[in-house]
Amino acid sequence: MKRSLTVCPYCGVGCTFYLVSNDGRLVGVEPSTTSPVNRGGLCVKGWNAYAFVHHPDRLTTPLVRRDGVLHPASWDEALNLVVERLQAVQATHGKDAVMFASSAKATNEENYLLMKLARAVFGTNNIDHCARLCHSSTVTGLAETFGSGAMTNSISCFDQTDVILIIGSNTTEQHPLIGSRILNAVQSGTHLIVADNRRIRLARHAALHLRHKNGSDVALLNGMMHVIIAEGLADQEFIADRTENYAALAASVADWTPERTAAATGLAAAEVVAAARLYAGAERAMIVYSMGITQHSHGVDNVRCIASLAMLTGNVGRPGTGVNPLRGQNNVQGGCDMGALPDLFSGYQKVADPLVRGKFAHTWGVSSLPSEPGLPLTRAMDAASEGCLHGMFIMGENPMLSDPDQGHARTVLENLELLVVQDIFLTETAAIADIVLPAACFAEKEGTFTNTERRVQRLHKAVEPPGQARADWEIICALAERAGYGGMRYTSPEEIMAEAASLTPIYGGIAYGRLDRHGLQWPCPDKTHPGTPIMHQDRFTRGLGYFTPVAHRLSAELPDAEYPFVLTTGRTYFHWHTGSMTRRTHLLDREEPRSFIELNPDDAARLGIRHRDMVLVSSRRGEITTEARVTGMVIAGVLFMPFHFAEGAANALTNNALDPESSIPEFKVCAVRLEKMP
Amino acid sequence: MKMLHPDQLDRFFASLAPTWELRLPILLPDGTRVIGCPNDAPHSLHGAPVAGKPTAAFFPQQSTLFTVTDGAIEEPPPADRPLFIVGFHPRDLACLRFIDRFFADGCRDDCYFRVRHGAAIGGLSGYCGPAGSLIPPAGGDCDVEFFWDRSSWLVIAYSATGNTLIADLPETAAPEAAELFPQLAAELPDENELLIRHASALLRANRVPDLFWADIGDRCIACTGCNLACPTCTCFGVQDWRSAQKTERSRMWDSCQLDGFMREAGGHNPLGSEAERTRRRIHHKLAADPEKWGEISCFLCGRCDSVCPTGIGIISVAREMVARFA
Amino acid sequence: MTATPGHTSLYLPIGCEIISVSDLTPGEKLFRIRRADGVPLGHLPGQFVQVSLLGWGEAPISVASSPTREGFFELGVRRAGTLTGAMHALKAGDTLGIRGPFGRAFDLSRLRGQNLILISGGCGLAPMRSLIQYCEDRPAEFGSIAILYGAKSPADRLFKDELAVWEASARFACSMTVDNISVGDCFSGSVGLITALIPPLAFNPDSTIAAIVGPPAMYRAVIAELHKKGLPSERIIVSLERQMRCGVGKCGHCSIEHLLCCQDGPVFWLNEIEHLRGAL
């Protein structure tokens, strides 16, 4: 019997638990009772996080496609082939004809290495990861307004606040151990404002539940700011001392009267006023948001408005306040921190900056590094169909299910000259790859994850990987070696982190020896720094906070006579993303065994659809069949669907309309038609 | 009466190693205390009840029922040495007694007894509670009890196995504490005990309306931790894993807080709402089990209350129930 | 799959062989099975077995045949999930695993000498068939026997050939109904809910026992009609369906308050469970 302290592989909350193993096999999970994050509790996914690890479907050997079929191959053969073929694609089409997709499921060290492999070994900035699909709007929007695109406060702040505005986050389902803190806070008297037209669990506990129209967040937030300014509720001292460009903001919201806001959002004017007064009237108020804000063609604008609302009321830089984007994946914060982004090295250092490039090139022992920002992941499919991209190396992602407009994604991936997938299961994407590399899962390796409150925490290996599977970092190092690069010889992830920390000022003080117990929150610039639970306390990272006025823009695709419903997509509590792990976990798959679509009872009655009937859902991009769930969770005219399921895949319908600045797809709004299956 | 000084503990436990597979409370690196192997971390006999089901050694979160390779069925092999598990507080011992009876009743669960049979149980009591507080002695329900009298462990055997376990310990003059056992136990009126009996009575008298369960259910995120931490929760699910070489059937802890727990293939679900499921969780311990087994099956170990992220463990719910409906 | 001789483990299935498979409806099949070791199943009418398909799991299925029919037992299986889906692909000569029989059977000692009303809906006829066949084979043990059966449509009726035999038999008084009938259906019964079949029955409540097996929605309505006719709950038997995972009283999935459907049921006297939440 052995116990290994590690970090949950699901959401960004970063709960820690012990994996219990017996004779090399996992037999259960025990939460850490001292973790400041989860305080002895876990959600249902965490309690079951051991259960997929030894599943017989795990990849145990490299696979190489011959005559159209994937065959087992030796590591030697597979690794050589990956390098040869990547180099061949580059030789024919240029360095930037290949793209590396890193993974928010992999460790910081592995993200750092894949970024290094792309830039130092293959000479391209075409590296990105699924943060593009979840919080790229946050990274862009908060970098502009605050200077840093991360959650400003800590999870413990939920215990110390008076009002929480939750907008576009189904917190109890998607960040359950933060959602439960919010539930506790309500029991102790904190007031909730839930702005989300789904009747999520937190809405049952809310002082105000605003069911505004999908895509009308800018209007709602501008309207609230109008009321706050008009009623003299703004924090003039904070505005004067800590911010700039206030006058422009005030002018831009001047005509967002409650009446105009009501018309744009579908709310009553009184609701807008009440929300503004409740939020602005609190001594300490937090804003929590997630993909309901970011996944829009105006996602960055949404984030700017949130930042402005917080600054307008002085709710930044103190306990129990702040702008708190909840990061989706267990290590999506770390993936961004480690520079798995096309325009940034680790620590958000710009590739365009020659001094930064020089620093990285020197440490990495290369003469130069590419200076032009690379392709964002969401533009990769288009780039490939336009003939600019010919090879992809995908580590631990499943774009066949997670990308918008699945039909397009499939065509592009199938037509690539080279597709390499490194994963733990034969995902839908791995199944069409030319070469598949078997990876170790979270329980089988060392490393660190960074949670949503910027806490860097360690994983400890509990069991051996199955068969010949290897940790991602080991595979990346082996690839570098075969590509003739001698600068990736590490004996452990600890050495990798030491190198990353030396190049990354916000991680400067991160070292394995300091992470025992409960990790450290960045910014942590040096080895004596205690970490930073609350950012922007005395000054914003950029100096003064910047108010950006924002105009309301409509979603890219609106319902019309042909496609009369708004479809919004998301996840369920029991599954994780494309389900490669949770659908192989008995209890979780039993809870939600199949694809479904939520439909308001009024719409259902009008269309003659009953609960559990099979329905055909179609958009301009595709059609699927799924099961109707008739529920008051959604308002009339809006449908909700989770994207976990390969059979009945929501992303066959979604629209790859991108935010012009963050390149995030508009997963939250597209137009569809719904019919009862004959 | 036998006695162990703290500095003799390691030697005593080491002396059992050839015959017994020892498990005892250990202090893990982050400060979590669990029952584990003595070699994994320093032992930690003082403090609150350990985290996790103390009964997990016999009924682990996941266990193999059998494997089939080329048509031949194989059950997990028996352990080479019996377990000796130290660390059960008296309330944990009551839980163990309850599930021993449950697994033995009617069809005897051989998967449980494969490990349980022959295992020895060590109780912990005395002034070894949180901050030196007194844990009243169990006075039975185990093979051997270790009672901390603030300077050393009084060791009392209650079974032949217990006598064998401590045979080599030197005999000491019986200190007074041993005679104080019944008195010590009686001196501690336990508020939670009164509370849970009161809540049970309210439930059995049908005094708790459905609205109450809807209220509590609204605060449940279905993490299932209450069931997974509860030493008297015994529900399990079953899964098959099939590979080219073999098929494995295993069982894992299940939870009545999940919609799928009783949902039938056709969609019918006798526990189809959060309110129904929340009611079942409490009602089962406080009303159904007393009906079936003659006793409340919550022994107030407090684990579901510690593990619940939203503060609706059984003691909290009982408190709210009594406050609202008594 | 071979069961090692001498195994007594609660969770090890016993190897069985499929003798024949026949279609009952488009979604339901009847499997005739025997234990590979030749030992009779040893069940009583109303009991169930846990059927195992390795790699697919286990499911509780009521035995559809009477122990008076020797040399085999039969299971009527509706395709509903992955396991039953896999079962539907099996054919004669294939093997599967069985544990059981489990659960409380119809109380034959109390049924003997009584007039019986046997009411089933949908695939509830499968478990009821074990009792009907028993009555067919031991006609002298019971008084009058009425068989009431309701299905969605004529095509959805199970055991159509046997239904015809029972209808023709002087031993049984059969009433059939379906929810819907389409043009061209050959069906002589009525159209409507099964509850409509009860008011016309003439019986003495003091010497009659009714048994009900059917979909969850059926019980309350049928019981109400029987109560109206003066039949007390002490003379009504219900057989309940639950998602048992173990069949031996351990897994907890089939609990009804303090009772377990797999041990205390699946056959209950109505007065034992009518006051229990979630029973019906």
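General remarks:
- The HN-Hα couplings worked out from phi for the range A:449-458 by the Karplus form 6.51 cos²θ - 1.76 cosθ + 1.60 (θ = phi - 60°) are 10, 10, 7, 5, 8, 6, 8, 8, 10, 8 Hz, whole numbers, x standing for Gly and Pro.
- Remark on A:HIS129: its backbone amide H falls under 5 Å from those of A:SER102, A:LEU377, a criterion applied only to residues 5 or more positions apart or on other chains, H modelled at 1.01 Å from N.
- In the distance distribution for the range A:191-285, Cα-Cα pairs more than 17 Å apart total 51 percent.
- Distance between the C-alpha centres of the range B:270-326 and the range B:202-231: 6 Å, rounded to the whole angstrom.
- The H on the amide N of C:ALA211, modeled in the peptide plane, is under 5 Å from the matching H of C:ILE117, C:LEU118, C:ILE119, C:ILE237, each at least 5 residues off or on a different chain.
- Using equal-weight Cα scatterers in the Debye expression, the normalised intensity of chain C in log10 at q = 0.10 Å⁻¹ is -0.50.
- Dimensionless Rg ratio for the range B:192-325, taking C-alpha atoms and the 2.2 N^0.38 Å reference: 1.14
- Entry note, chain A: relative contact order of 20 percent, from Cα contacts under 8 Å with a spacing of 6+ residues.
- Hz values of 3J(HN,Hα) by residue in the range C:117-126 - Karplus curve (6.51, -1.76, 1.60), Gly and Pro given as x: 10, 9, 10, 9, x, x, 7, x, 5, 4
- Only beta bridges with both residues in chain B are counted; by DSSP, about 75 percent of them are antiparallel.
- Positive-end residue of A:GLY513, A:GLY531, A:THR548, charge dipole of the range A:499-594 with Cβ unit charges: A:GLY513
- Reach of B:LYS2 by Cα under 13 Å, taken over aspartates and glutamates that are not fewer than 8 positions away in the same chain: B:GLU145, B:ASP149, B:ASP168, B:GLU171, B:GLU176
- Projecting the Cα positions of A:THR243, A:ILE394, C:SER153 onto the charge dipole of the protein assembly as shown (unit charges on Cβ atoms of Lys, Arg, Asp and Glu, taken about the Cα centre) puts C:SER153 furthest along the positive direction.
- No Cys partner within the rule (Cβ under 4.7 Å), chain C: C:CYS16, C:CYS123, C:CYS135, C:CYS174, C:CYS186, C:CYS262
- Alpha-carbon centroid distance for the pair the range C:9-37 / the range C:173-221, whole angstrom: 29
- P(r) tail fraction, the range C:14-102 - alpha-carbon pairs more than 16 Å apart, %: 47
- For the range B:2-188, share of DSSP beta bridges that run antiparallel, in % to the nearest 5: 60
- Think of the protein assembly as shown as a dipole: +1 on every Lys or Arg Cβ, -1 on every Asp or Glu Cβ, centred on the Cα centre; then among A:LEU413, A:GLN87, B:ALA214, B:ALA214 lies furthest on the positive end.
- With the convex hull drawn over the C-alpha atoms of the range A:152-326, the volume per residue is 98 Å³.
- MRE, 222 nm, helices only [DSSP H, n ≥ 4, -39500 (n - 2.57), over chain A, to nearest 500]: -8500 deg cm²/dmol
- Amide H contacts under 5 Å for A:PHE345: A:LYS350, A:VAL351, restricted to partners 5 or more places along the chain or on a different chain, H placed in the peptide plane at 1.01 Å from N.
- A quarter of the convex hull surface defined by the alpha-carbon atoms of the range B:255-326 gives 5.8 nm² as the mean projection.
- The residues A:TYR485, B:TYR127, when put in order of fewest to most other Cβ atoms within 10 Å, stand as B:TYR127, A:TYR485.
- Counting neighbouring Cβ atoms within 10 Å and putting the fewest first, the residues B:SER255, A:SER555, C:SER9 line up as C:SER9, A:SER555, B:SER255.
- Of C:LYS29/C:LYS91; A:LYS105/A:LYS359; B:LYS292/C:LYS250; A:LYS461/B:LYS246; A:LYS350/A:LYS445; A:LYS105/A:LYS350, those spanning more than 20 Å from alpha-carbon to alpha-carbon: A:LYS105/A:LYS359; A:LYS461/B:LYS246; A:LYS350/A:LYS445; A:LYS105/A:LYS350
- Computed over the range A:2-47, the percent of Cα pairs more than 17 Å apart is 26.
- Counting charges near A:ASN398 (Lys, Arg +1; Asp, Glu -1) among other residues having Cβ under 11 Å from its Cβ returns a value of -3.
- Three semi-axes of the equivalent ellipsoid, chain B, Cα gyration tensor, whole Å, largest first: 35, 28, 16
- Measuring between their Cα centroids, the range C:68-104 and the range A:328-377 lie 61 Å from each other.
- Highest-first arrangement of C:26-38, A:219-231, where packing means the average Cβ count within 10 Å: A:219-231, C:26-38
- Computed from phi, the 3J(HN,Hα) profile of the range B:190-195 under the Karplus parametrisation 6.51, -1.76, 1.60 (θ = phi - 60°) reads 9, 4, 5, 5, 5, 4 Hz, with x in place of Gly and Pro.
- As a ratio to 2.2 N^0.38 Å, the alpha-carbon radius of gyration computed for chain A takes the value 0.91.
- Bridge type composition, the protein assembly as shown - antiparallel percent by DSSP, nearest 5: 60
- Rg/Rg_ref, the protein assembly as shown, where Rg_ref = 2.2 N^0.38 Å and atoms are Cα: 0.98
- Shape index of the range A:565-676: Rg/Rh, with Rg the Cα radius of gyration and Rh the Kirkwood radius from the inverse mean 1/r over Cα pairs, equals 0.98.
- From helices alone, chain B scores -9000 deg cm²/dmol at 222 nm; the rule is -39500 (n - 2.57) for each run of n ≥ 4 DSSP H residues, then divide by the residue total.
Read-outs throughout are calculated quantities, based only on the coordinates presented, and are distinct from any laboratory measurement. Because the structure is a prediction, the values reported are computed rather than measured. Neighbour counts are summed over all protein chains in view; Cβ atoms, including those assigned to glycine, are modelled from backbone coordinates with ideal geometry.
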